[in-house]
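The values are calculated or read from the model by the stated rules, or taken from the named source; none is laboratory data. Predicted model only: the values in this text are computed from it and were never measured. All Cβ positions, even for glycine, are placed from backbone atoms using ideal geometry, and neighbour counts span all protein chains on display. These area figures cover heavy atoms from the full protein model, side chains too; ligands, DNA and RNA do not enter into them. Shrake-Rupley method; radii C 1.70, N 1.55, O 1.52, S 1.80 Å.
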Amino acid sequence: MTAVAPLTESHGEALVRFFAELPEGDRTFIREDVTDPDVVRGWSAGAGVDRWVAVDDGGRVLGYVAVLRLPGWSDHVGEVRLVVAPAARGSGQGRALARHAVVAALEAGLSKLVVEVVADQTAALALFTGLGFTGEALLVDHIRDREGQLRDLMVLAHHVGETWAGMRAVGLTETLDDPT
Ligand SMILES: CC(C)(COP(=O)(O)OP(=O)(O)OC[C@H]1O[C@@H](n2cnc3c(N)ncnc32)[C@H](O)[C@@H]1OP(=O)(O)O)[C@@H](O)C(=O)NCCC(=O)NCCS
């Protein structure tokens, strides 16, 4: 059994291990320096950022999701960052974490969510599209992979406030009080 829980100090060591065991390419989705244990341990105290972990019965972290509120004139927008341990993929962890993040972002009053996905990451594209995200920008040759190859980055967006009907369609309102 796996549960999604808000990140607390008690997850610190397990989260450091989770990131240390991730393939290097997957760590880049998080952007922050997750190889530095002090950065990861400091997260549970962070402001303006909501983070959750998927934890198994043995206390191992299998997945991580964060919603970062953008600053200034975009402070109604949250950026989602999601990663699941390779061995735990394909069993619904990613979807459970992403759903959790979308619901929490709604509750926090954010009206738009964005996520950056490498254009050929079919799993990530399918996951977020299934939760009501749509393509909003394609940034050509925007990132370099480990081999130095240029790759396209897609920005997917979810306009939360306008899409209660769409959210109901994908089952996201089950745990919420629908305002309509
Ligand atoms: C994207 C990621 C989080 C998905 O995690 P996951 O736990 O495997 O996802 P789930 O098992 O919940 O799958 C959700 C959906 O994704 C799609 N999917 C999952 N694995 C897939 C694969 N190998 N190929 C194609 N689609 C796939 C399916 O549509 C699936 O829905 P289904 O189970 O109804 O078929 C994971 O692959 C990952 O960590 N990738 C690297 C980081 C990343 O790309 N993050 C996203 C940008 S921040």
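Compute the semi-axes of the equivalent ellipsoid of the chain, taking the square root of 5 times each eigenvalue of the Cα gyration tensor, and list them largest first in whole Å.
Details: eigenvalues 114, 88, 52 Å².
Its equivalent ellipsoid spans semi-axes of 24, 21, 16 Å.
Taking the mean number of other Cβ atoms within 10 Å as a proxy for protection, how do you rank 143-149, 10-16, 97-103, 59-65 from highest to lowest? Let's see the in-between values first.
Numbers: 143-149: 9.4, 10-16: 17.6, 97-103: 22.1, 59-65: 20.4.
Per-residue mean Cβ counts within 10 Å order the peptides as 97-103, 59-65, 10-16, 143-149.
If region 69-135 were replaced by its equivalent ellipsoid, with semi-axes equal to the square roots of 5 times the Cα gyration tensor eigenvalues, what would those be, largest first, whole Å?
For region 69-135, the ellipsoid semi-axes come out as 22, 13, 10 Å.
Can you compute the modelled spin-label distance between D57 and L70, with each label point 7 Å from Cα toward Cβ, in nm?
Simple spin-label model gives 4.3 nm for this pair.
Rounded to the nearest percent, how much of the accessible area of the chain (1.4 Å probe, protein heavy atoms only) is carbon and sulfur?
Values: 4940 of 9570 Å².
In the chain, the share of accessible area belonging to carbon and sulfur is 52 percent.
Taking the Cα centre as origin and putting +1 on Lys and Arg beta-carbons and -1 on Asp and Glu beta-carbons, what dipole magnitude results for the chain, to the nearest 20 debye?
Numbers: 16 positive and 26 negative charges, 40 e Å.
For this selection, approximately 200 debye.
Which residues' amide hydrogens lie under 5 Å from the amide hydrogen of V160, considering only partners 5 or more residues apart or on another chain, with H built in the peptide plane?
K112, L113
In Å², and per residue, what accessible area does the chain have when probed at 1.4 Å with the other protein chains present?
Working: 9570 Å² over 180 residues.
I get 53 Å² per residue for this part.
When the Kirkwood radius is taken over all Cα pairs of region 25-82, what Stokes-Einstein diffusion coefficient follows at 10 °C and 1.306 mPa s, in µm²/s?
Working: Rh = 12.7 Å.
Result for D is 125 µm²/s.
Provide the gained length on full extension for the span R89 to E9, in nm with one decimal, where the gain is 0.36 nm per separating residue minus the Cα-Cα distance.
Values: separation 80, 0.36 × 80 = 28.80 nm, distance 2.50 nm.
Separation in residues times 0.36 nm, less the Cα-Cα distance, equals 26.3 nm.
Can you give me the C-alpha center-to-center distance between region 98-122 and region 1-74, rounded to a whole angstrom?
Result: 16 Å between the Cα centres.
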